[in-house]
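Read the figures in this text as sums done on the coordinates, not as results from a lab. Remember, it's a predicted structure, so these values are computed and weren't measured experimentally. Don't worry about glycine lacking a Cβ; one is built from the backbone with ideal geometry, like all the others, and counts go over all protein chains shown.
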Amino acid sequence: MKHKGLWITLIVIVIIFVSLFSWVKGTYNTMVTQDESVKTAWSQVENQYQRRMDLIPNLVNTVKGYATHEKETLEGVISARSEATKTTIDPSNLDEASLQRFQAAQGELSSALSRLMVVIERYPELKANQNFSELQAQLEGTENRITVERKRFNEVAQAYNTYIRSFPNNLLAGMFGFQTKAYFTAEPGSEKAPKVEF
């Protein structure tokens, strides 16, 4: 009888250990999967911002041919693009401060592009230029893609943050070093849609 009780105790301990191991393994793997999803969503955001960066030199060169005395505005766009290019974020460290720096640099670029679009209103022959029209359409499409990818990033980051902050997952997240991810937020004054008319 003593051996039977010992075997039952041993079996119960093994079952508890296997269950606990399975739960830890499943939770950890889900956290890793969701963390990778956040990084993937972030890379898509960066891809769209890069697409915008790549369009800007062509846009500036096209405008330069028509608006030669708008040098200050053109240099402002180039400078803002340069600053935005320098501001990058390590996807494994998407904290509030780094995301705010990134957003500020991108906001400056958007502001510079808006000033350029105001200047362009003075040049009807530029607005009629085929290359400029194509660049305008690509820029508008890219801005829409940026909005979509930012929204998707926020959704994926929210799912990840909710998962790692839920009990008892938060215990494992803390133990394994999983940190919450920051969200894109609206910039002050963004409740007014920017005018991108040419």
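Checking the cross-link pairs Lys151/Lys181; Lys25/Lys151; Lys86/Lys181 against a 25 Å limit on the alpha carbon distance flags Lys25/Lys151 as lying beyond it. Would you mind pulling out the separation of the Cα centroids of region 28-78 and region 99-167, in Å? Between the Cα centre of region 28-78 and that of region 99-167, the gap is 8 Å. If you take the charge dipole of the chain about its Cα centre, with +1 on Lys and Arg Cβ and -1 on Asp and Glu Cβ, which of Leu116, Gly65, Ala137 is farthest toward its positive end? Sorting the options by dipole projection puts first Ala137. Distance between the pseudo-spin-label points of Thr180 and Ala159 (7 Å out from Cα toward the beta carbon): 1.9 nm.
Each of Glu83 and Glu134 was given a label point 7 Å from its Cα along the Cα-to-Cβ line. The distance between the two points is 3.2 nm. Equivalent-ellipsoid semi-axes for region 1-153 (Cα gyration tensor, √(5λ), whole Å, largest first): 58, 14, 9.
Projecting label points 7 angstrom from Cα along Cα→Cβ for Glu72 and Glu36 puts them 5.2 nm apart.
Put a plus charge on the Cβ of each Lys and Arg, a minus charge on the Cβ of each Asp and Glu, and nothing anywhere else: the dipole of the chain about its Cα centre is then about 900 debye.
Among Leu99, Ile8, Ile146, which residue has its Cα furthest toward the positive end of the charge dipole of the chain, with +1 on Lys/Arg Cβ and -1 on Asp/Glu Cβ? Of the candidates, Ile8 comes out farthest on the positive side.
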